[in-house]
Amino acid sequence: MLLDELKGRGREDIPDSAYSPQAMVLTGMRRGYFLRANIWPAEQDHAYRASGPAAFAYDVPHDHNFSFLTLGYFGPGYRSDYWEYDYETVAGYPGEKAGLRFVESSALDPGKIMLYRAHRDVHSQAPPQSLSVSLNVMATDPAQGWFDQYRFDPASDTIVGAISPNSTEAFLRIAVALGGEQALDLAERFGRSHPSDRLRLACFEARAALVEASAADAVWREAELSGSRLLEAEAPRRRQALER
């Protein structure tokens, strides 16, 4: 399957992937699951030296907005530090206390199987001692794109920011920036009541970007009183930035 993927065969049944460069989707969707392979270069490998650790999400503590099983398939396996946290207790703004609880440090040895739980498990991966491959059984949910995935700073036990961009946010920002009453009306309505706090924040950001500082301050005052914990925390920061 790895060779077929590299040759470009059998792609008709494979969904588009938004994963990092070392990830390869191996199968189509089957009852809400699909199979993925991840190639993990070591520090001495050319891919690592050419692209750097960030390209492979090394040393980036993060959670996931989907659950998956992972198997150490080839090589000694990447090494990870693991934490847990309670997703429902955080609003998701930068600098917020995350309540991380350290679990362990371990490697994904050959044959080892681990379950990564959505919105619960946090891990920071380090390069393996030599080139390694893991196989993932990925669970999908149509709603997962509306739930945030975060990057963390374990040293300060805080959230660094969201790392799960939503295409709806991008389209909304573009529509509002182009001008037009329908787009602005949609941003106002979504900003007041959309179930996704992240999209509500994007709505206020898009509206504030259209107007002068005094009017933008009024937009952020509205956001601050919107009933969202995320907006309640973010709006004062944005208002302070307008005064600089």
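The values are calculated or read from the model by the stated rules, or taken from the named source; none is laboratory data. Given the structure is predicted, the values throughout are model-derived calculations rather than measurements. Cβ placement follows ideal geometry from the backbone for every residue including glycine, while neighbour counts extend to all protein chains displayed.
Computed values, structure above
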quantity	calculated
Flag if Gln144 is closer than 21 Å to Asn166 by Cα and among the polar types (S, T, N, Q)	yes
Residue in segment 43-95 that is surrounded by the most Cβ atoms within 10 Å (Cβ to Cβ), counting only those that are among the aliphatic types (A, V, I, L, M) and not in a helix (DSSP H, G or I)	Ala57
Which listed residue is over 16 Å from Asp63 (Cα atoms), in contact (Cβ under 8 Å) with a residue 24 or more places away in the chain and small (Gly, Ala, Ser), from Ser156, Ser196, Ser164	Ser196
Some residue of segment 5-15 being assigned by TED's automatic domain parsing to the domain that holds Arg151, assigned to a loop (DSSP other than H, G, I, E, B), modelled with pLDDT under 95 and touching a strand residue (DSSP E or B) at 6+ places or on another chain (Cβ under 7 Å)	yes
Checklist (1) more than 18 Å from Ser226 (Cβ to Cβ); (2) among the acidic types (Asp, Glu); (3) at pLDDT 95 or above applied to Glu205, failing item	(1)
Flag if Ser214 is surrounded by fewer than 14 Cβ atoms within 10 Å (Cβ to Cβ) and under 17 Å from the mean Cα position of the chain (by Cα)	no
When residues of segment 96-133 are limited to those that are assigned to a loop (DSSP other than H, G, I, E, B) and of a type in the set (Asp, Glu), the one nearest to Phe68 (Cα to Cα)	Asp109
Yes/no for Val219 being within 30 Å of Arg36 (Cα to Cα), at pLDDT 95 or above and not polar (S, T, N, Q)	no
Subset tally (residues that are within 16 Å of the chain's Cα centre (by Cα) and at pLDDT 95 or above) for segment 45-63	6
Leading residue by the ranking (surrounded by the most Cβ atoms within 10 Å (Cβ to Cβ)) among those in segment 152-178 that are closer than 14 Å to Ser196 by Cβ and either at pLDDT below 90 or of a type in the set (S, T, N, Q) (or both)	Ser164
Index of the failed condition, Asp109 passing every other in (1) in contact with a Pro (Cβ under 9 Å, 6 or more places away or on another chain); (2) of a type outside the set (Phe, Trp, Tyr); (3) crowded, with 17+ Cβ neighbours inside 10 Å	(3)
Yes/no for His119 being in contact with a helix residue (DSSP H, G or I) (Cβ under 8 Å, 6 or more places away or on another chain), touching a residue at least 40 places away in the same chain (Cβ under 8 Å) and within 22 Å of Arg36 (Cα to Cα)	yes
Test set (1) within 26 Å of Thr168 (Cα to Cα); (2) in contact (Cβ under 8 Å) with a residue 12 or more places away in the chain; (3) not aliphatic (A, V, I, L, M) - Pro142 fails condition number	(2)
